[in-house]
Structures are given as structure tokens and as C-alpha cells.
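Remarks on the structure that follows.
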Amino acid sequence: MNIGVVFGSRSAEHDVSITSGYAVMMGLKKNTDHRIFPIYITREWKWIYDPAFIEINTFTTFDENKYKNTSFNIDFSQTKKLCFTQSSGWILGKKISAELDFVFPVLHGMNGEDGTIQGIFDMLQVPYMGPSVQGSAVGMNKIVMKSVFKANDIPLVDFLTATESTYNKEYTLKELGLPLIVKPANLWSSIGISKVESAEDLDNAVEIALHYDSYIMIEKCVQNLMELNCSVSEVKGEIVTTVVEQPIGSTEFLSFEEKYVSQDGGTMQGLKNRVNIPAKISPELSDRIQNYCKIIYSNLFCKWGAPRIDFLYDSKSGELYVNEINTIPGALQMHLWDKSGYPVGVFLQNLINTGIEKSLERKVNIDFDSNIIGHTIAFTK
């Protein structure tokens, strides 16, 4: 099969997406026989196909000017496959055409994980990994997501939402107290997040979050915090979960640097050296977490991929809260699935199989004889 891996995009998580895309391409290259088509989206929204993009070293010296005359065109007259043509723009330039049977949109944040790209694929009826437009949009916006969680009796920490014009410091402190967590509503990877210990620091934390998004969330901070993560997917019609992992950071929540930059932290390995897998928790707590994952996957529009669901646990009180869902987690959490009995090749092939099966379930029926045009003509005479 011809498999497209789309990464990059116009997002604050652009570089994280490159590393995730690389991880998926390496997983496919080493463990499957599929032909891989790397498609990179620049921060300026330029789409580029280049076989060299399968190597991450390409991006250490990436020069967009090299592709300034490159034109990438999707054929919207074709369905079921993503058909594209790319030309260099020169009279004797190179022209490439390809038909992709399946697409991995390994995109993080806005303009990729929020339903934007998924809408293109749905319109073309192209099979792809991950939730549909609806599920992606709900999963991307923390405010909408938590409203859906709340309506389904999913346990959440107390929170408020705000914009630059609606933020009220006194009201926030009165309702939630201290300490607090402040974060953008539409951003991940711990970008723009601050912990607020004192009232004097709240305004600055709000300013940082508003730098990245027009909408922010202010949450009551969980004491005696233990962060716990679990991924969920579907295998041959059965909803399955990974074991629970426990990220370990030098701070109460993992920063962007700890996830992706620190020497013993993330990048391709996720948090391989900074997690307990499985988490050092009781079997009962693990069961609760896995059950919530299955409920969320089944009922909250996030099917057709392998989302990761993050939990907050108060180790003293025993209170468990769902923090958020990440519909396209970093490197698809392949390390966690591998530790849960699903080797990388098996895991990726399952995503392909499930994505193709689910694409057939998306009903697109445009046949409806309304005769409205005839009625309109008759009415106007």
C-alpha cells in the first residue's frame, strides 16, 4: 500500500510534529512493507513531498527556498484515495504523481489535530488514522472537551474559562483559590502552561496563556499530584487499552523541555527514560483508568485512532480526575503500546486496518430528490 505520513503544519507544535512523523515513518519502514510518502507542511502552509523527509536530519538544515517553485496539488475530483501531483514549476522540472491508499496525519495542535486536515480527507473519502472532524474538534478544544466530559459524568477538577476581556482575577481567586494551573485552550505539549502559587503571579500566567490562544482555562491544582496516562484503540472490533504509565518529572507537571528537549527526556523515545511502565499504582486504580478510557473512546467522538487520555490523581485522598484527551499523541505513544503487547509493526498495521474499515462506515449519501429547484422556478413565475 501507498501510505502518506503528513506532519509539520502551522502550529506552535510544528517541531514536535516533525519528530512524531519521523517516529511513525521509521516504525512503518522497519516493520512493514508499505511504501511511505512523507508530506511536510511548512509553517506557511506549503505542502511538500520529498522522499528525503523520511530522515529527520533533513530538517536540521531545511531550506524552504529550495522548494519555492514547487507546486503541490490535490486532485479533488478523485475519491477513496489521496491523489496528488507535485511539480517544480520549471519548464523542464520534475513532475511527481501519486495515489495514497491511507494517510497518517501526525499533526499536533491547531491546523492539523483540530479537524482541519480531517475535513479534507473526509471530503475525499480517504481512509486515515484518527478521529473524524467532529471528534478532532472536540478533542482539540479543552473547553468543549471538558463540557462534553462533564455532561457524561466524567470526573474533572474545578475550572473556569476566560478570554482577555472576561478574565477577572478576584472572581477567579474566589471561585478556585490557590494553587492554580493556567493554560491555553487549544494547545498541547505543555506549551503556555503555568502553575500559579500566589495571587501576584496569576496575571502573568494568564498573559502567557493568552499569548498562544484567545481562550484559556484556569484550573484548580490537584494536591499530592500523580500524573497517569493510558492509551486506547480498537482491535478487530474490540476496544483495548495500554497499561497505565506514570510520567516522572522534576516539577509537578512535565514541561515542554522535559517532554522533548532534555537529554534523558522525550523526542523519538517519548518519555522512555522518564516514566514508570506500568505505573506504580494498585490494580484497582489501573482498572478504573482503563475503564474511563474505554468509556471516553466509545462515547465521546474520539474513535478511529489511538488517543491518549491523561489523568490527575491525588495520592492522598484517592481522588481521580480526567485531565484531557490527546487525539494524536506524540509518536502515537508507540512505546506504550509496545510495552502493552502490541509491537510497533502490529500497532501501526492495526491503525491502518481500522482506519480503512471505519472509512467504509462513514456514510456519504448525496442522493435526495427534493425537487426544490422546480418549485422555486414555479414560484418565481
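The values are calculated or read from the model by the stated rules, or taken from the named source; none is laboratory data. Just so it is clear, the structure is predicted and the values come from calculations on it, not from any experiment. Cβ: placed from backbone, ideal geometry, glycine included. Neighbour counts: every protein chain shown.
Miscellaneous remarks
Matching residues to (1) over 13 Å from the mean Cα position of the chain (by Cα); (2) farther than 22 Å from Ile325 by Cβ:
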site: Val126; (1), (2): yes, yes
site: Gly139; (1), (2): no, no
site: Lys146; (1), (2): yes, no
site: Ala151; (1), (2): yes, no
site: Asp158; (1), (2): yes, no
site: Thr163; (1), (2): yes, yes
site: Glu170; (1), (2): yes, yes
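- Residue match in the range 1-11 (condition: touching a residue at least 60 places away in the same chain (Cβ under 8 Å), assigned by TED's automatic domain parsing to the domain that holds Phe104 and of a type in the set (D, E, K, R)): yes
- 1 or more residues surrounded by 14 or more Cβ atoms within 10 Å (Cβ to Cβ), modelled with pLDDT under 90 and not assigned by TED's automatic domain parsing to the domain that holds Glu64: qualifying strands (runs of 3 or more DSSP E) within the range 85-176: none
- Residue check: Tyr215 meets all listed conditions (1) closer than 22 Å to Leu336 by Cβ; (2) modelled with pLDDT of 95 or more but one, namely (1).
- For first residues located in the range 226-253 and within 18 Å of Phe347 (Cα to Cα) and assigned by TED's automatic domain parsing to the domain that holds Asn353, partners that are modelled with pLDDT of 95 or more and among the aromatic types (Phe, Trp, Tyr) and lie 6+ apart or on another chain with Cβ distances below 6 Å form the pairs Thr242/Trp337.
- Any hit, the range 52-60, residues being in the same structural domain as Thr85 (by TED's automatic domain parsing), in a helix (DSSP H, G or I) and in contact with an Asp or Glu (Cβ under 9 Å, 6 or more places away or on another chain): yes
One line per residue, one yes/no per condition, for (1) touching a His at 6+ places or on another chain (Cβ under 9 Å); (2) without any contact (Cβ under 8 Å) to a residue 12 or more places away in the chain; (3) in a loop (DSSP other than H, G, I, E, B); (4) not assigned by TED's automatic domain parsing to the domain that holds Gly119:
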site	(1), (2), (3), (4)
Gln290	no, no, no, yes
Trp304	no, no, yes, yes
Asn323	no, no, no, yes
Leu336	no, no, no, yes
Phe347	no, no, no, yes
Asn350	no, no, no, yes
Ile356	no, no, no, yes
Gly374	no, yes, no, yes
Phe379	no, yes, no, yes
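- Matching residues, the range 185-224, being hydroxyl-bearing (Ser, Thr, Tyr) and not in a strand (DSSP E or B): Ser189, Ser190, Ser198, Tyr212, Ser214, Tyr215
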